[in-house]
Amino acid sequence: MEKFILKLAQQRNPEVPFGDYRDELTSLKMDESIIEKIFQKVKPNPKTNNSEILFSAIILLIFSPKSILLSEKVENGVCFVIKKYLVVNQQSASYRIKVAREVYQVDKVFKHQVDSIVKEVRGE
């Protein structure tokens with residue numbers, strides 16, 4: 001059904017850049033070097049304000065963009081990466097994902113910070 005809605009929307013709104021939205025929702029393959037680069041950039045620490053949430057949001061936006069932009073299910077392996085790098089249990093990693101989604105959607109400053117780091121990491 002959603003494909004038909006998208007097709008109809010494309011036909012009726014040819015000026016809307018649907019390709020850009022498709023690119024924005026396309027996730028990258030899990031790459032340890034990218035994760036390490038993000039980790040070094042953010043340096044998540046429980047004592048540093050929001051750094052763990054920032055790290056989680058960046059990981060979500062790069063490797064599971066549908067989950068942070070559309071509140072869909074997180075891609076396989078993303079929760080494990082957050083759990084591994086933040087050295088937390090499964091429940092804590094899931095909580096950080098939940099909070100990262102919420103903060104990214106409502107806080108413009110946080111969203112800008114995440115978006116700028118993602119662009120930097122992707123080389124855009």
message = Looking at I34 and the list (1) surrounded by fewer than 14 Cβ atoms within 10 Å (Cβ to Cβ); (2) under 25 Å from Y21 (Cβ atoms); (3) not polar (S, T, N, Q), which single condition is not satisfied?
response = (1)
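Working only within the range 63-80, note down all residues that are of a type in the set (A, V, I, L, M) and open to solvent by 10 Å² or more (accessible area, probe 1.4 Å). Please lay out each step first, then the result.
First, pick out the residues of the range 63-80 that are of a type in the set (A, V, I, L, M): 68-70, 74, 78.
Within the range 63-80, L69, L70, V74 qualify.
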query = For the range 84-100, does any single residue satisfy the condition of being closer than 14 Å to I117 by Cβ and either touching a helix residue (DSSP H, G or I) at 6+ places or on another chain (Cβ under 9 Å) or charged (D, E, K, R) (or both)?
reply = yes
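What residue, among those in the range 81-102 that are among the polar types (S, T, N, Q) and more than 16 Å from S51 (Cβ to Cβ), is most open to solvent (accessible area, probe 1.4 Å)? Show your work before the answer.
Pass one, the range 81-102, residues among the polar types (S, T, N, Q): 89-92, 94.
In the following step, the residues that additionally are more than 16 Å from S51 (Cβ to Cβ) were identified as 89-91, 94.
Values: N89: 89, Q90: 95, Q91: 148, S94: 56 Å².
The qualifying residue most open to solvent (accessible area, probe 1.4 Å) is Q91.
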ask   = Any idea which of K98, K66, K83, K73 is among the basic types (K, R) and within 20 Å of K47 (Cβ to Cβ)?
value = K83
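The values are calculated or read from the model by the stated rules, or taken from the named source; none is laboratory data. Computed from a prediction, not measured in an experiment: that's the story for all the values here. Reconstructed Cβ throughout: ideal geometry from the backbone, glycine too, with neighbour counts over all protein chains shown. Remember, those area values only see protein heavy atoms, side chains included, never the ligands or the DNA or RNA. Shrake-Rupley method; radii C 1.70, N 1.55, O 1.52, S 1.80 Å.
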